[in-house]
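The values are calculated or read from the model by the stated rules, or taken from the named source; none is laboratory data. Predicted, not measured: the structure shown is a model, and the values here were computed from it. Quick reminder, even Gly has a Cβ in these numbers, built from the backbone with ideal geometry, and neighbours come from all protein chains shown.
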Amino acid sequence: MSSLAIYNTLTRRKEPFVPLVPGKVGLYVCGPTVYDFIHVGNARTFSVFDLVVRWLRSSGYAVTYVRNITDVDDKIMDRARSRGEPIEALTERTVAAFAEDCARLNLLAPDSEPRATRYIGPMLELIGVLESKGLAYRGANADVYFSVRDFPGYGKLSRRNLDDLRAGERVAVEAAKRDPLDFVLWKAAKPGEPSWPSVFGAGRPGWHIECSAMSCRELGETFDIHGGGWDLQFPHHENEIAQSEGAHEKPFVNVWMHSAFLNMGDEKMSKSLCNFFTTREVIESLDPVQGGEQLRFFLLRGHYRSELAFTRELLEDAGNTLRGFYTALREVPPGEGEADRSHPLAARFRDAMNDDFDTPVAFAVLHELRAEVNRTRSPALAGLLKALGGTIGFLQADPEAFLKGGVSIDAGKGGATIDVDALVAERAAAKRARDFARADAIRAQLDSAGIVLEDKPGGATEWRKK
RNA sequence: GGCGCGGUAGCAAAGUGGUUAUGCAGCGGAUUGCAAAUCCGUCUACGUCGGUUCGAUUCCGGCCCGCGCCUCCA
């Protein structure tokens, strides 16, 4: 039996995974800033870590999964102001929408979903510790900064040399900083902005401090895995390390995981480039029953450290493939009882997932299993297929319902709805009377409405969405 | 300028120093009243130039091309 190896950004290699406490894993993932719907690129990252959590749990680990919500930030304030609504109304609504999107993607809820505004106290404590250790200072503008050059390990995650960084080349550097790379821990309040009282004066936290404070509260000063999108590596995660290790003087995180981008064409999808689709608009453009899992499959069938291009064709392709799995499960209903995890294909699936979550190989194994199910018509093997898919959050829907889809059937021109079952019955009667012209006419009619008929050996007829 | 990632067949995507990845699409066959589904078979591969090697897509080096981070960003 293989054991899990994970690519660690910190060491830039795959390493055997060894949890701090045997059998337990603490996992922290950087969640959304809640001023707008998440886009499909965000969905990729959250899906990747959902896969990680599910696989760790399938492997027997007790996982504590923490994913934060950033609910205080410049963008949130700007958006609330431009909409003329209270900040809380915006963030609450966005959090609720985020939860809906996650549910559609079949993402497990984190065990803890801390919000920045509820951890101001721990953040201030942490900033206090940093100041007492000489790693933080108050600027002339009353902001509090982290002094990057006073933290020896700065740059170790992203492998940057302080002197090579071009801070301020693209954005003007705040004059109050001693070094252009210093980053803000606490921002002094300006009129009309939300603020909290503190020994540093009224203000609000900088972005990076929340993750250091909340991960420590939820998972301890040192924990197993910290994840996020590739772009968070620098400066966000680098700054988290500086804050946490600067304050606690012990390793912050053992394994850093970063998921690759989702691209539009050959550019990264991002809000600043305005080239994104929201997760919900993509799902809503797909079949209402199949859409969520289809998008999830599209996002996860490639390796999480490889970039992925978002196109309509690839989304369709993913849907076709996924329907193939469900077709097998419809034809051969999974047997009751425990699946045989000692089957060679199960072992290969496990090996693939244990090799840094190699989903392309894992799905290739599932395809072999699907063919085996179709050949042997073995309910036990179908059960294994469903069970293995289930370990990574797939193939749990009712196959019949999935394949029928959420069809809103209309006859085409007139928009009149079609009674599929009545037409199927009429066709059956026509077939019995050997009126094949009528039978074929009905097939054609349904086909143009997006319904495919499948005659079964016993004379029964199944239908599904095209 | 610094740091990093990648270039695999129509499309997508793994992997390996010598033996079929896999999927979608296509094509042929079996099957079907016709279809669909399924099964069987099948066609295009490893950016480029060198090096190491009995042998390289797979290791090493140069080059070309693409992308990312260095600002908020999943």
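Quick notes on this one:
- Near pairs, Cβ below 6 angstrom, 6+ apart or cross-chain, from the stretch A:309-321 (on the phi < 0 side of the Ramachandran plot) to any residue that is among the aliphatic types (A, V, I, L, M) and near RNA strand B (Cβ under 7 Å from one of its atoms): A:310/A:262
- Residue match in the stretch A:92-115 (condition: assigned by TED's automatic domain parsing to the domain that holds residue A:26, at pLDDT 95 or above, assigned to a helix (DSSP H, G or I) and under 22 Å from residue A:188 (Cβ atoms)): no
- The set of residues from the stretch A:331-343 being of a type in the set (A, V, I, L, M) and either within 8 Å of RNA strand B (Cβ to nearest atom) or closer than 17 Å to residue A:365 by Cβ (or both) comprises just one member, A:339.
- Here residue A:174 passes the criteria (1) more than 30 Å from residue A:88 (Cβ to Cβ); (2) within 11 Å of RNA strand B (Cβ to nearest atom) except the one numbered (1).
- The set of residues in the stretch A:132-155 being surrounded by fewer than 20 Cβ atoms within 10 Å (Cβ to Cβ) and in a helix (DSSP H, G or I) consists of A:132, A:149, A:150.
- Residue within the stretch A:156-173 that is assigned to a helix (DSSP H, G or I), of a type in the set (D, E, K, R) and without any contact (Cβ under 8 Å) to a residue 12 or more places away in the chain present: yes
- Any hit, the stretch A:295-317, residues being away from RNA strand B (no atom under 11 Å from the Cβ), buried (at least 21 other Cβ atoms within 10 Å of the Cβ) and assigned to a helix (DSSP H, G or I): yes
- Enumeration of residues in the stretch A:264-308 that are under 24 Å from residue A:99 (Cβ atoms), without any contact (Cβ under 8 Å) to a residue 60 or more places away in the chain and over 18 Å from the mean Cα position of the chain (by Cα): A:285, A:286
- In the set (1) within 22 Å of residue A:234 (Cβ to Cβ); (2) surrounded by fewer than 23 Cβ atoms within 10 Å (Cβ to Cβ), the condition left unmet by residue A:20 is number (1).
- Sole exception among (1) surrounded by 17 or more Cβ atoms within 10 Å (Cβ to Cβ); (2) within 14 Å of RNA strand B (Cβ to nearest atom); (3) not assigned by TED's automatic domain parsing to the domain that holds residue A:47 for residue A:237, by number: (3)
- Every test in (1) farther than 24 Å from residue A:284 by Cα; (2) surrounded by fewer than 19 Cβ atoms within 10 Å (Cβ to Cβ); (3) modelled with pLDDT of 95 or more; (4) away from RNA strand B (no atom under 14 Å from the Cβ) is passed by residue A:383 save one, and that test is (2).
- Residue within the stretch A:250-262 that is surrounded by fewer than 19 Cβ atoms within 10 Å (Cβ to Cβ), within 14 Å of RNA strand B (Cβ to nearest atom) and not aliphatic (A, V, I, L, M) present: no
- In the stretch A:26-37, the residue that is nearest to residue A:203 (Cα to Cα) out of those that are surrounded by 24 or more Cβ atoms within 10 Å (Cβ to Cβ) and either free of Cβ contacts under 8 Å to residues at least 40 places away in the same chain or among the β-branched types (Val, Ile, Thr) (or both) is A:34.
- Top-ranked residue of the stretch A:93-131 - restricted to ones that are of a type in the set (Gly, Ala, Ser), over 19 Å from residue A:45 (Cβ atoms) and without any contact (Cβ under 8 Å) to a residue 40 or more places away in the chain, ranked as surrounded by the most Cβ atoms within 10 Å (Cβ to Cβ): A:121
- Residue match in the stretch A:200-218 (condition: closer than 24 Å to residue A:251 by Cβ and of a type in the set (Lys, Arg)): yes
- Hits in the stretch A:233-252 - residues which are modelled with pLDDT under 95 and more than 27 Å from the chain's Cα centre (by Cα): none
- Scanning the stretch A:269-293 for residues that are crowded, with 19+ Cβ neighbours inside 10 Å and either within 11 Å of RNA strand B (Cβ to nearest atom) or closer than 30 Å to residue A:209 by Cβ (or both) turns up A:269, A:276, A:279.
- Members of the stretch A:108-119 that are aliphatic (A, V, I, L, M) and either in contact with a Lys or Arg (Cβ under 8 Å, 6 or more places away or on another chain) or closer than 15 Å to residue A:73 by Cα (or both): A:108, A:116
- In this structure, residue A:381 does not qualify as under 14 Å from residue A:51 (Cβ atoms) and either touching a residue at least 24 places away in the same chain (Cβ under 8 Å) or among the aromatic types (Phe, Trp, Tyr) (or both).
- So residue A:328, is it at pLDDT 95 or above, more than 9 Å from RNA strand B (Cβ to nearest atom) and part of a helix (DSSP H, G or I): no
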